[in-house]
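In what follows, a structure is listed as structure tokens, so that the remarks can point back to it.
Readers should treat all values here as calculations from the given coordinates under stated rules, not as data from a laboratory. Because the structure is a prediction, the values reported are computed rather than measured. All Cβ positions, glycine included, derive from the backbone under ideal geometry; neighbour counts span all protein chains shown.
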Amino acid sequence: MSQVEVEKDQRRIQRYSLALPARVEVKVDEKFTWNEVTRIEDISAFGAGFTLTRPVKRGRLLSISAPLPRQLRCFDFLEPQYKVWGLVRRCIPLGHNPVAQKYGVGVAFIGKTPPASYLENPSKLYELSSREDGGLWMLMEAPSNPDENDLPSYLRRHTRFSIPESLLLEVLDENGDVVASEVTVTENVSLGGAAVFTSFKAETGSFLRVTSDRHNITIIAIVRGRRLGPDGVVRLHIEFVDRMFPLEGIEIEAADQNLH
């Protein structure tokens, strides 16, 4: 690469503090999509940082529409809105306000369109592979059980703790009405999801309302899988959609268990 090309690339990678309005859209699965208007806090041609009121799992794809300056675009230079797909690289809670919780999100731009595998399964997770010649990032599908020991903690997928946390599960129908409920406990739990014992016949894609009296919190969750354990009891693997699970105290309990 020539010196001129190096300098040009460095200019494009430079991050700028621009307070630009942006619409972020997240497709949780084939049935459920949510979007939010926010402001981009820093941006380059290859990524951006902003805040959201809902958490987004690291490795998930989302789309961003914003009036980016032409020099920060890799395509659609004349369009008033630049719509680009991004891969979530970090999502960390900001502050300690459970009522108005916000999350700092960082994404890497991957192009004008998502991969075909995303169109088949929007809940699929990805990792960065390499940068294309044009500068945008290339993707590869993330392994189901990735080794993240070398990553800083805020970039790791959510650690699951094998703690029996008491929860109220309520199955929601298409109108958001409760059609069944039960009190159960978790087999394991993390910031972004849990495995819970259940008597429900909830199928993958079903929505639940999850309530923890101990933490005084209610979270909307989606069923990602259903498994019959060796003890004959069904486990639902659920992903928390609209907020993260508070792990205060749970991490201490898990550490205490490991000491005994």
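Each label was represented as a point 7 Å from its Cα along the Cα-to-Cβ direction; for residue 175 and residue 141 these points are 3.9 nm apart.
Among 174, 187, a tally of other beta-carbon atoms within 10 Å of each Cβ gives an order, fewest to most, of 174, 187.
If you build the Cα gyration tensor of the stretch 42-114 and take the root of 5 times each eigenvalue, what three semi-axes come out, in whole angstrom, biggest first?
25, 12, 10
Modelled spin-label separation between residue 79 and residue 233, with each label point placed 7 Å from Cα along the Cα-to-Cβ direction: 5.0 nm. Estimated at 0.36 nm per residue, the fully extended path between residue 201 and residue 226 surpasses their Cα-Cα distance by 8.1 nm. Per-residue extension of 0.36 nm, minus the Cα-Cα distance of residue 94 and residue 185, leaves a gain of 30.0 nm for this segment. Convert 4 °C to kelvin, take the viscosity as 1.567 mPa s, use the Kirkwood radius over C-alpha pairs of the stretch 166-259 as Rh, and evaluate the Stokes-Einstein diffusion coefficient in µm²/s, rounded to a whole number. Stokes-Einstein gives a translational diffusion coefficient of 95 µm²/s.
Working note: Karplus 6.51/-1.76/1.60 with θ = phi - 60° gives the stretch 189-195 the couplings 8, 9, 4, x, x, 7, 10 Hz, where Gly and Pro are set to x. Residues whose amide H comes within less than 5 Å of that of residue 200, counting only those at least five positions distant or on another chain, are absent (H built at 1.01 Å from N in the peptide plane).
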